[in-house]
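Peer 1: Dropping the structure in here first, questions after.
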Amino acid sequence: GAVVSQHPSRVICKSGTSVKIECRSLDFQATTMFWYRQFPKKSLMLMATSNEGSKATYEQGVEKDKFLINHASLTLSTLTVTSAHPEDSSFYICSASQLAGGPNEQFFGPGTRLTVL
Amino acid sequence: DAKTTQPPSMDCAEGRAANLPCNHSTISGNEYVYWYRQIHSQGPQYIIHGLKNNETNEMASLIITEDRKSSTLILPHATLRDTAVYYCIVRGQGAQKLVFGQGTRLTINP
């Protein structure tokens, strides 16, 4: 299957700083990428959908000015957590899709664990 | 997208078949049933999907009832590495995003 990578796998930062997480599709071109957040023992919550070259679509309740998403190329999307606070500590997971509406085209990255002190 | 209901947890003995049920009574005609699993601290892994017919691949089998209101994921010979949270998701053909419910935490016991 297609491979999606995330970097870094773990990051610890101080409160008030910004953190950037990269999501890359390694062997295919991703027209759409998704960002999820997962708190301990909870399910994945979709944060936003990003299409290459256009603005991301955020889910209700997700602050777009706090979670900046850029999808500048067909193989790279970035999530920047701005002015991070301890409540932003979570497991962030991206996924990438080749074609819209296809049956099984969404592939997930390994996740990034963010800890804000 | 239609909502799904799964038992919160299940146990299965190693080497036995694990049967994970999912109810999706409000599924509509063009919606697929997807199964993903998430092993602890990893990203979700695609398992299988189906529309009407039963499906089988190298990982699992998917049995969908004739009225499509429920389905069962079958892991034929469960191993300890199959311990994970299993998510049943219903998604329309034209939709992109996957909406995850709470899933079933499957524990395979030696």
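The values are calculated or read from the model by the stated rules, or taken from the named source; none is laboratory data. Everything numeric here is computed off the predicted structure, so don't read it as measured data. All Cβ positions, glycine included, derive from the backbone under ideal geometry; neighbour counts span all protein chains shown.
Peer 1: Considering only the range B:32-55, state which residues are more than 13 Å from chain A (Cβ to nearest Cβ) and touching a Gly at 6+ places or on another chain (Cβ under 8 Å).
Peer 2: The answer is none; no residue qualifies.
Peer 1: Name the one entry in A:Thr82, A:Thr78, A:Thr57 that is within 15 Å of the chain's Cα centre (by Cα) and more than 20 Å from A:Arg113 (Cβ to Cβ).
Peer 2: Result of the check over A:Thr82, A:Thr78, A:Thr57: A:Thr57.
Peer 1: Sticking with this one: Against the condition assigned to a strand (DSSP E or B), among the basic types (Lys, Arg) and either under 16 Å from B:Ile108 (Cβ atoms) or out of contact with any Lys or Arg (no Cβ under 8 Å at 6 or more places or on another chain) (or both), how does B:Arg16 come out, does it pass?
Peer 2: Criteria not met by B:Arg16.
Peer 1: Regarding the range B:49-64, can at least one residue be identified that is surrounded by 15 or more Cβ atoms within 10 Å (Cβ to Cβ), in contact (Cβ under 8 Å) with a residue 60 or more places away in the chain and on the phi < 0 side of the Ramachandran plot?
Peer 2: No, because not a single residue in the range B:49-64 is surrounded by 15 or more Cβ atoms within 10 Å (Cβ to Cβ), in contact (Cβ under 8 Å) with a residue 60 or more places away in the chain and on the phi < 0 side of the Ramachandran plot.
Peer 1: Same structure again: I need a count of the residues in the range A:43-54 that are in contact with a His (Cβ under 9 Å, 6 or more places away or on another chain) and not polar (S, T, N, Q).
Peer 2: 2
Peer 1: If you scan the range A:59-103, which residues turn out to be surrounded by 14 or more Cβ atoms within 10 Å (Cβ to Cβ), under 22 Å from B:Ser41 (Cα atoms) and not hydrophobic (A, V, I, L, M, F, W, C)?
Peer 2: Within the range A:59-103, A:Ser77, A:Thr78, A:Thr80, A:Asp88, A:Ser89, A:Ser90, A:Tyr92, A:Ser95, A:Ser97 qualify.
Peer 1: Now a separate question. Applying the selection to the range B:78-96, what residues are surrounded by fewer than 13 Cβ atoms within 10 Å (Cβ to Cβ) and modelled with pLDDT of 95 or more?
Peer 2: Within the range B:78-96, B:Thr79, B:Leu80, B:Arg81 meet the criteria.
Peer 1: Can I ask one more? What number goes with the only condition from (1) without any contact (Cβ under 8 Å) to a residue 40 or more places away in the chain; (2) farther than 24 Å from A:Gln38 by Cα; (3) within 14 Å of another protein chain (Cβ to nearest Cβ) that B:Gly29 does not pass?
Peer 2: Every listed condition holds for B:Gly29 apart from (3).
Peer 1: Being surrounded by 16 or more Cβ atoms within 10 Å (Cβ to Cβ), without any contact (Cβ under 8 Å) to a residue 60 or more places away in the chain, aliphatic (A, V, I, L, M) and touching a Ser or Thr at 6+ places or on another chain (Cβ under 8 Å) narrows it down to one residue among A:Ala30, A:Ala56; which is it?
Peer 2: A:Ala56
Results for (1) over 12 Å from the mean Cα position of the chain (by Cα); (2) in a strand (DSSP E or B); (3) under 30 Å from B:Gln6 (Cβ atoms), shown as yes or no for each residue.
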residue: A:Ser5; (1), (2), (3): no, yes, yes
residue: A:Ile12; (1), (2), (3): yes, yes, no
residue: A:Ala30; (1), (2), (3): yes, no, yes
residue: A:Lys42; (1), (2), (3): yes, no, yes
residue: A:Leu46; (1), (2), (3): no, yes, yes
residue: A:Asn70; (1), (2), (3): no, yes, no
residue: A:Ala96; (1), (2), (3): no, yes, yes
residue: A:Pro110; (1), (2), (3): no, no, yes
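Each row is one residue, and each column tells you yes or no for (1) assigned to a strand (DSSP E or B); (2) within 29 Å of A:Ser90 (Cβ to Cβ); (3) hydrophobic (A, V, I, L, M, F, W, C); (4) touching a His at 6+ places or on another chain (Cβ under 9 Å).
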position: B:Lys3; (1), (2), (3), (4): no, yes, no, yes
position: B:Pro7; (1), (2), (3), (4): no, yes, no, no
position: B:Cys12; (1), (2), (3), (4): yes, no, yes, no
position: B:Val33; (1), (2), (3), (4): yes, yes, yes, yes
position: B:Gln42; (1), (2), (3), (4): no, yes, no, no
position: B:Ile48; (1), (2), (3), (4): yes, yes, yes, no
position: B:Ile63; (1), (2), (3), (4): yes, no, yes, no
position: B:Arg68; (1), (2), (3), (4): no, no, no, yes
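To keep it simple, each residue is scored yes or no on (1) away from chain A (no Cβ under 14 Å); (2) within 25 Å of A:Trp35 (Cβ to Cβ).
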position: B:Asn57; (1), (2): no, no
position: B:Leu62; (1), (2): no, no
position: B:Glu66; (1), (2): yes, no
position: B:Ser70; (1), (2): yes, no
position: B:Cys88; (1), (2): no, yes
position: B:Arg91; (1), (2): no, yes
position: B:Phe100; (1), (2): no, yes
position: B:Thr104; (1), (2): no, yes
position: B:Asn109; (1), (2): yes, no
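Peer 1: Follow-up. Please count how many residues of the range B:74-90 are over 13 Å from the mean Cα position of the chain (by Cα) and closer than 22 Å to A:Ile93 by Cα. Quick ask: steps written out before the conclusion?
Peer 2: Of all residues in the range B:74-90, those over 13 Å from the mean Cα position of the chain (by Cα) come to B:76-81, B:83.
Okay, now just the ones that are also closer than 22 Å to A:Ile93 by Cα, so B:81, B:83.
Total meeting the criteria: 2.
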